[in-house]
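The values are calculated or read from the model by the stated rules, or taken from the named source; none is laboratory data. Note that the structure is predicted; figures quoted are calculated from it, not measured. Neighbour counts run over all protein chains shown; Cβ positions are idealised from the backbone, glycine included. To get the accessible areas, we keep the full protein, side chains included, count just its heavy atoms, and leave off ligands, DNA and RNA. Shrake-Rupley method; radii C 1.70, N 1.55, O 1.52, S 1.80 Å.
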Amino acid sequence: MFILYALVIGFVVGLLLGGRPGGLARLEFRWPWLIIGGLLVQVVLFTDQVATAVGDLGAPIYLGSTALVFLGVLRNADIPGMKIVALGAASNLAAIVANGGYMPAGRDAMTALGKTDPTIYSNSAVVAHPALEPLTDIFALPAWLPFSNIFSVGDVLIALGVAVVIVRAMRAGPEPDGEPEPEQRSSAEPSVVVR
């Protein structure tokens with residue numbers, strides 16, 4: 001749920017910088033079904049009922065869905081901000097692969113959320129000495145925030161990238177009268193429009 005904050009912050013910053021929501025409609029993602037499908041698999045997989053039902057298959061399913069999302073992100077790397085998302089996704093994927101299909105959760109981060117049981121929480125597991133520990137879920141949002149959760153450096157990069165995508169798209173939107181933004185005009189066009 002960390003990403004929800006990035007969506008809101010990106011939208012608000014976009015507005016504060018003079019962007020227009022209409023610019024978001026002009027975003028063209030290639031292979032969106034890959035990203036959406038991978039994320040939907042994770043949402044379903046992270047429910048207690050499904051996590052229990054799939055048992056040991058949870059780790060490879062999670063790893064596969066994360067790889068699909070990563071491929072979809074790479075396919076859209078030319079969109080401003082998506083390279084930051086890709087860097088965060090690569091960081092998370094590296095930590096997950098290095099730890100057998102789970103994202104290790106720092107004990108201190110779990111304690112900050114009030115979760116002290118060292119059992120597996122869907123995609124996360126408290127591990128005594130995880131591989132690539134600085135890339136794992138070692139941070140926690142304050143427990144008083146809605147949707148508080150643990151997160152990694154990769155999650156921060158993904159959120160930052162998503163916010164940049166939103167802000168840049170909103171700033172690239174058309175002006176209210178339909179004229180292109182000044183930076184979109186060609187150098188051959190006059191800077192003053194006579195009507």
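The figures follow:
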read-out: Sequence-distant residues sharing a close amide H with residue 137 (under 5 Å, placed H); value: 106
read-out: Pairwise label distance in nanometres, residue 26 with residue 94, each label 7 Å out on the Cα-Cβ vector; value: 3.5
read-out: At R0 = 25 Å, FRET efficiency that the Cβ-Cβ distance of residue 78 and residue 147 yields, to 0.05; value: 0.25
read-out: R0 of 30 Å, Cβ-Cβ distance residue 52-residue 156: FRET efficiency to nearest 0.05; value: 0.50
read-out: Accessible-area composition of region 1-112, carbon plus sulfur, in percent [1.4 Å probe]; value: 73
read-out: Sequence ranges 45-54, 62-71, ranked by mean other-Cβ count within 10 angstrom, highest first; value: 62-71, 45-54
read-out: Protection-proxy order for peptides 157-163, 81-87, 127-133, each taking the mean of Cβ atoms within 10 Å per residue, highest first; value: 157-163, 81-87, 127-133
